[in-house]
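What follows is a single structure, written as structure tokens, with notes after it.
The values are calculated or read from the model by the stated rules, or taken from the named source; none is laboratory data. Values in this document were obtained by computation on a predicted structure and should not be read as measured data. Virtual Cβ from ideal backbone geometry, glycine too; neighbours counted across all protein chains shown. Side chains included, ligands, DNA and RNA excluded: accessible areas come from the protein's heavy atoms. Shrake-Rupley method; radii C 1.70, N 1.55, O 1.52, S 1.80 Å.
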Amino acid sequence: MPLVKVDGVEIEVPQGATVLQACELAGKEIPRFCYHERLSIAGNCRMCLVEVKPGPPKPQASCALPAADKQEIFTNSPMVKNAREGIMEFLLINHPLDCPICDQGGECDLQDQSVAYGRGHSRYDENKRAVTEKYMGPIVKTVMTRCIQCTRCIRFAEEVSGVEEIGAIFRGEDMQITSYLENAVKSELSGNVVDLCPVGALTSKPYAFEARPWELRKTLTIDVMDAVGTNIRLDSRGRQVLRCVPRINEDVNEEWATDKTRHAIDGLVRRRLDKPYVRVNGKLVPATWDEAFAAIKAVNAGSSVAAVAGDLVDCETMYAAKALLAKMGSSLLEGRQTGMDYDATSIAAVNFNTTIAGTERADAILLVGTNLRWEAPLVNTRVRKAIKKGAKVFAIGPETDLTYKVEWLGDDLALLGALPEAVTEAFGKAERPMVIVGGGALKGGHAAALKLVDTLGLVKDGWNGFNVVHMAASRMGGLMLGYAQKGGIADVMGAKLGFFLGADEVDYSKFAGFKVFVGHHGDKGAAAADVILPGVTYAEKSGTWVNLEGRVQRGERAVFAPGDARDDWSIFRALSDTLGHTLPFDSFEGLREEMYADVPALRHQALATFEWNPPSLTGAGEGVLAGYPIKDFYLTNAICRASPTMQRCSAELLHGEDYAEAAE
Amino acid sequence: MAEAPKIPDEAETRARWGSFAWTDENQVKANEILGRYPKGREQSASIPLLDLAQRQVGAETQTQGWLPVPVIEFVARQISVPYMRVYEVVTFYTMFNLAPVGRFHVQVCGTTPCMLRGSDDVLAACKNRGLVKGGTTPDGMFTLTEVECLGTCANAPMVQINDDNFEDLDYDKTTEILEALANGGHPTPGPQFGRRASCPEGGPTSLKAMVDANHDYRGEWA
């Protein structure tokens with residue numbers, strides 16, 4: 001381990017560290033634009049210059065220089081100060097002075113660093129360069145004159161998202177960053193280039209001119225658009241969420257978020273249910289809470305009551321419903337809306353056991369009926385990382401573009417029982433083999449996939465390579481709370497009274513009883529309901545979510561719900577009074593205590609451990625996979641269906657509708 | 001950009017060039033080029049293949065050739081590289097034309113040594129012959145581009161026309177060459193006043209004794 005001296009302080013740095021990293025370890029701030037921890041090193045902005053001894057008597061780019069033993073690094077010498085001022089002056093030569101109308105203002109690296117390291121004035125007297133705007137799709141707005149050509153966006157597109165559609169064309173002074181032929185970038189992670197851009201060249205199109213960073217209230221919470229549980233920060237002003245950006249969590253999302261996570265938020269203020277409704281003579285009419293509760297009481301369901309959890313709900317909501325049902329004498333709980341009936345007696349058998357971060361370490365991966373790019377895009381990026389480290393990936397299912405090279409084996413689940421030799425050989429050699437079963441293959445393939453644990457040796461000391469990818473944020477929490485019947489949702493369809501917690505994917509024609517929809521968006525569920533009780537979205541409640549690897553995470557409330565909508569748990573608390581089955585908690589904290597007593601694993605914000613004792617299922621893999629469960633990545637739940645941005649993404653990126661820039 | 005190439009309409013080029021494929025002769029050459037690089041390193045063949053493609057387009061259109069988008073994509077598919085990566089290469093090198101050029105692509109060097117030696121006269125000759133910077137003459141014969149240093153400074157001023165360099169020019173010689181080309185002639189490339197390569201004008205000026213045979217100068221050192 002090299003021992004270096006940074007500004008006179010000796011420090012030991014890991015082998016292979018760069019000078020920049022050594023300086024950071026020593027607590028020195030090194031300004032930079034092109035360097036980014038998660039991308040390859042480019043070394044083209046020159047902002048990170050430091051003085052290094054021994055070495056040539058000139059400043060050196062610290063980001064691309066390996067730290068060596070007995071090196072002396074100076075980060076505050078006159079040479080370094082001079083170099084930084086010079087680079088800053090060069091960078092600002094062609095940068096427009098349009099900070100007042102730039103969306104990056106207030107959170108701009110160039111702005112901050114020119115204040116901290118710049119000269120304070122420019123000696124440049126010539127005309128500035130101007131570059132035409134480039135079209136990059138519905139998410140990214142470009143003002144390319146501001147670009148300082150750090151190439152972070154190019155490296156992100158190539159290395160992380162795997163969609164190589166961004167590049168630099170022409171050269172020298174004429175160099176321009178653009179998408180290929182100015183087509184929309186067809187990546188579900190394109191929004192991340194907005195965060196990566198150190199200047200205001202790439203900004204968020206839906207958020208354009210909405211707010212300044214200093215007027216936003218920032219709330220830390222958890223994303224519910226998929227089961228990854230991306231850690232997010234909701235930026236709100238007044239009652240509206242204006243922006244969603246990822247937080248750094250190395251175990252879950254690193255620092256990325258999908259476009260759906262970022263931009264479905266404009267659906268939070270559209271198609272909202274803001275007052276209770278009761279169906280009268282076949283039509284839903286607005287009602288008071290008392291009238292709505294009275295209508296439910298009038299059903300007189302006795303113990304024939306069921307609860308179906310939607311994809312977005314938190315554990316607290318599900319627990320409140322479960323508690324009410326328990327009081328009424330029923331345990332008809334189900335969360336798998338679309339009719340899945342896989343065995344959930346052992347949660348480990350339907351868990352992402354390798355963990356999201358662990359995926360990176362796998363050396364042989366078999367994807368079974370999963371379009372990972374859509375079902376869990378941030379797990380997909382981990383698979384890409386594993387491939388970079390040499391992993392081999394096979395897949396069973398209809399061929400689709402996963403952004404990396406996959407050996408497609410076919411789309412028949414019977415293959416699980418008769419894997420080709422290439423697969424068994426690769427897995428035989430693998431130290432950390434991994435099987436990822438998607439929602440599409442759980443029906444008909446769960447038993448056969450579990451058998452692979454033995455035949456391929458997936459479970460060994462310190463490694464569990466059996467994984468199931470869920471697509472709903474509520475799924476793992478629901479399974480832990482018992483939202484699973486043996487026969488799936490068919491088992492609960494006979495109840496006289498049904499509570500549907502934001503369940504929009506249920507086939508309501510099969511439910512003959514009285515339907516109570518507790519949710520926040522006027523979508524399919526609300527349309528079918530007999531009584532609508534307006535609830536709140538993930539942005540308007542504090543809650544607990546468990547992601548697909550069993551990680552218990554909590555989010556905070558960012559804004560208040562519109563109109564008469566109430567926290568879901570308090571709806572059940574109030575309803576329990578009317579029904580005469582008063583629930584034993586009067587506060588959110590009280591509910592949480594009860595919930596922890598019921599499922600202790602939910603108490604701690606950590607990875608829940610599930611004992612590995614898979615059920616002994618019988619049956620070989622059968623059925624041909626015709627497609628994947630997600631048909632349209634951008635329109636998977638009620639919030640994104642209400643979001644104009646997501647509708648546009650779907651129309652333009654998936655259905656090829658042409659949105660010319662001129663139409664704006 | 002000062003002289004951005006006027007890239008033709010995409011739909012039209014796709015209709016015209018969408019079915020581009022190697023001719024039998026070029027297929028052999030392309031295979032030979034691909035054979036130069038190890039497996040997994042096909043991207044290295046980008047530049048030679050693009051050059052080959054540009055020449056094939058030139059042969060098909062009776063011009064110096066250019067690279068329509070579908071042809072760039074064809075090359076990218078040949079080497080299994082994302083379109084963007086090959087497009088970047090095409091835009092980076094000025095030898096690849098993004099827009100159609102004429103029968104003769106006249107590239108006049110205007111960098112300092114050539115300028116000091118009279119590239120303005122060369123450009124004037126071109127202008128008086130009807131050539132416009134960045135444009136093609138109406139008869140499709142000439143395309144004029146002013147370029148940066150082409151590395152023939154000792155023989156300045158110079159122009160590169162297609163694959164040949166014409167050096168040591170002045171106004172009249174430039175006009176002569178252009179006339180000859182327009183009339184189907186084949187002017188001799190290289191220096192235009194009879195010297196070989198960049199030998200001194202009017203015969204050797206130093207080491208004269210060594211012109212015919214080796215000569216030991218050491219005894220003459222004072």
> In chain B, which Cys residues have no partner Cys with a Cβ closer than 4.7 Å?
Replying inline: B:CYS126, B:CYS149, B:CYS153, B:CYS199
> What's the center-to-center distance, using Cα atoms, between the range A:291-362 and the range B:5-51 in Å?
Replying inline: 57 Å
> Measuring from a point 7 Å past the Cα of A:VAL280 along Cα-to-C-beta, which residues in the range A:523-540 have an amide N at less than 16 Å?
Replying inline: A:530-532
> So which lysines can A:LYS260 reach, going by Cα to Cα under 25 Å and dropping same-chain residues fewer than 8 places off?
Replying inline: A:LYS134, A:LYS141, A:LYS186, A:LYS205, A:LYS218, A:LYS385, A:LYS405, A:LYS524, A:LYS541, A:LYS631
> How much of the accessible area of the range B:74-222, in percent, comes from carbon and sulfur atoms when a 1.4 Å probe is used?
Replying inline: 52 percent
> Lysine pairs, Cα distance under 17 Å, 8 or more residues apart or cross-chain: how many in the range A:3-93?
Replying inline: 7
>> Taking the solvent-accessible surface of protein heavy atoms with a 1.4 Å probe, what is the per residue accessible area of chain A in Å²?
In response: 39 Å²
> Just which residues of the range B:77-91 lose 50 Å² or more accessible area with every protein chain there, against their chain alone, with the probe set to 1.4 Å?
Replying inline: B:MET84, B:ARG85, B:TYR87, B:THR91
>> Please compute the modelled spin-label separation between A:ALA414 and A:VAL624, points set 7 Å along Cα→Cβ, answer in nm with one decimal.
In response: 1.0 nm
>> Just want to confirm a number: the relative contact order over the range A:3-93, from Cα pairs under 8 angstrom separated by 6+ residues, in percent.
In response: 34 percent
>> Give me the dipole magnitude in Debye, nearest 20, for the range A:149-294 about the Cα centre, with unit charges on the beta carbon: positive for Lys and Arg, negative for Asp and Glu.
In response: 880 debye
>> Can you tell me, using C-alpha contacts under 8 Å and at least 6 residues apart, the relative contact order of the range A:124-209 as a whole percent?
In response: 37 percent
> Among A:TYR207, A:GLY229, A:SER190, which residue has its Cα positioned farthest towards the positive end of the charge dipole of the range A:190-254, with +1 placed on the Cβ of Lys and Arg, -1 on the Cβ of Asp and Glu, and the dipole taken about the Cα centre?
Replying inline: A:TYR207
> In what sequence, highest mean first, do B:139-147, A:521-529 appear when ranked by Cβ atoms within 10 angstrom?
Replying inline: A:521-529, B:139-147
>> With just the Cα atoms defining each centre, how far is the range A:133-202 from the range A:598-655? Give it in Å.
In response: 30 Å
>> Rounded to the nearest angstrom and ordered from largest down, what semi-axes does the equivalent ellipsoid of the range A:62-163 get from its C-alpha gyration tensor (root of 5λ)?
In response: 28, 22, 12
> When DSSP beta bridges are limited to those with both residues in the protein assembly as shown, what percentage is antiparallel, rounded to the nearest 5?
Replying inline: 55 percent
>> Before we go on, tell me the buried accessible area for the A/B pair, both chains summed, 1.4 Å probe, in Å² to the nearest 100.
In response: 1500 Å²
>> I need the peptides A:502-509, A:225-232, B:152-159 ranked by packing, meaning the mean over residues of other C-beta atoms within 10 angstrom, with the highest value on top.
In response: A:225-232, B:152-159, A:502-509
> Got a sec? Charge dipole of chain A, +1 on Cβ for Lys and Arg, -1 for Asp and Glu; which of A:GLY369, A:ASN380, A:GLY478 is way out at the positive end?
Replying inline: A:GLY478
>> Once neighbouring chains are kept in place and the probe is 1.4 Å, which whole percent of the accessible area of chain A is contributed by carbon and sulfur?
In response: 51 percent
> For B:LYS29, which aspartates and glutamates qualify as cross-link partners when the Cα separation must be under 16 Å and same-chain residues fewer than eight apart are set aside?
Replying inline: B:GLU42, B:ASP51
>> Tell me which of A:LEU181, A:MET136, A:LEU216 sits at the most positive position along the dipole axis of the range A:100-248, charges placed on C-beta atoms (Lys, Arg +1; Asp, Glu -1).
In response: A:LEU216
>> Accessible area per residue for the range B:102-189 in Å², computed with a 1.4 Å probe and the full protein assembly in place, what is it?
In response: 48 Å²
> Counting only residues 5 or more places away or on other chains, whose amide H sits under 5 Å from the amide H of A:ASP311 once H atoms are built in the peptide plane?
Replying inline: A:ASP504
> Given +1 on the Cβ of Lys and Arg, -1 on the Cβ of Asp and Glu, and no further charges, what dipole in debye does the range A:124-209 carry about its Cα centre, rounded to the nearest 20?
Replying inline: 180 debye
> If you average the sequence gap of Cα pairs under 8 Å that are 6 or more apart and divide by the length of chain A, what percent do you get for the contact order?
Replying inline: 14 percent
> Counting Lys and Arg as +1 and Asp and Glu as -1, each charge on the Cβ, what is the dipole of chain A about the Cα centre in debye, to the nearest 20?
Replying inline: 560 debye
> What residues in the range A:142-183 lose 50 Å² or more of accessible surface when the other protein chains are added to their chain alone (1.4 Å probe)?
Replying inline: A:GLU164, A:ILE169, A:PHE170, A:ARG171, A:TYR180, A:LEU181
> List the GluC sites (Glu not before Pro) in the range A:26-130 that DSSP assigns to loop (not H, G, I, E or B) and whose Cβ has at most 11 other Cβ atoms within 10 Å. Which are they?
Replying inline: A:GLU29, A:GLU37, A:GLU126
> What distance in nm separates the simple spin-label points at B:ALA21 and A:ASP69, each placed 7 Å from Cα in the Cβ direction?
Replying inline: 6.1 nm
> Over all pairs of distinct alpha carbons, what does the Kirkwood formula give as the hydrodynamic radius of chain B, in Å?
Replying inline: 19.8 Å
> Under a plain spin-label model, where a point goes 7 Å from the Cα along Cα-to-Cβ, how far apart in nm are A:ASN183 and A:GLU611?
Replying inline: 5.4 nm
>> Which three numbers, in whole Å and largest first, are the semi-axes of the equivalent ellipsoid of the range A:320-410 derived from its Cα gyration tensor as √(5λ)?
In response: 35, 15, 11
>> Straight-line reach from A:LYS327: which lysines fall under 21 Å, measuring Cα to Cα and dropping same-chain residues less than 8 apart?
In response: A:LYS297, A:LYS496, A:LYS515
> Starting at 0 and stepping by 10 Å, how many percent of the alpha carbon pairs of chain A end up in each bin?
Replying inline: 3, 15, 23, 23, 19, 11, 5, 1, 0
